[in-house]
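Visitor: Questions regarding the structure given below will be posed in turn.
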Amino acid sequence: MTVDLVTIFPAMIEPALAAGVVGRAIERRMLDVKVHDLRDFTTDRHRVVDDVPYGGGPGMVLKPEPLFRALNAIEAARGGRLEKLSIVLTSPQGTRFTQAEAQRLSRVDHLVLLCGRYEGVDERVRERVTEEISIGDYVLSGGELPALVILDAVARLVPGVVGDEQSVAEDSFSRGLLDFPQFTRPAEIADLRVPDVLLSGNHAEIRRWRKREALTRTLERRPDLLAEASLDEEEEEILRELKRLRPERGAGG
């Protein structure tokens, strides 16, 4: 998978590409990631990438010319437009980023991430953008952190990037459920003990316990996810049982 990131702060991006899942994938050549300094695509000696907004108002706006030049240079360097290309602008106006969006983007050949800044980008840049993505309803100083979030979520879904593919398949949100509780050794610490079922060796009971715990957490913390969750017959049965018991649990405080 090919990824290009365009930013005015490469120093925020580059250290994150040297570590973790993304760093290993780059080292193993499963990901081809390049970071582009937007200031390299300016033509004035001060390397200006922003200007005041037409019509007045506070803040600055990213100029269109450097962004257009950056996109043209990326396409030329990569051999022209690929069949599967997605140019993403990180923007608070974008579609909310979800696991389903990460899965979709993991199947593109070439992902370009444009990091927004200041009051945003000149509206004409959106003519070159495939889509806009937001990672949540809050304000950040710029699009660098959202771009890294998107890259990390997408990269780990590229086949082979994460060694244990079963782990990826069972991640929270992969099927519309939160994850079940996880424990490791020791079995007891500070009078806190690992649930007996996990020590039993009974794999069928462990599987059912994990399903029940995942469903319980999702029902209590993110019930909105259940509307589109992909559940098997056993999970459907457990969910019906949990919903029957829920009023009683609520009445008991």
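Visitor: I want to verify a result. In a Gaussian network model of the chain, Cα cutoff 10 Å, which of these has the top mean-square fluctuation: LEU198, LEU145, LEU17?
Guide: The residue that fluctuates most here is LEU198.
Visitor: OK, next. Mind sorting out which of [x] 41, 24, 14; [y] 28, 20, 17; [z] 43, 21, 17 is the real semi-axes √(5λ) of the Cα gyration tensor in Å computed from the coordinates?
Guide: Evaluating semi-axes √(5λ) of the Cα gyration tensor in Å on these atoms matches [z].
Visitor: Excluding same-chain residues fewer than 8 positions from LYS211, which lysines have a Cα within less than 25 Å of its Cα?
Guide: Excluding near neighbours in sequence, the set is LYS243.
Bear in mind these aren't lab numbers, they're just calculated from the coordinates by the rules spelled out. This is a predicted model, so every value here is computed, not measured.
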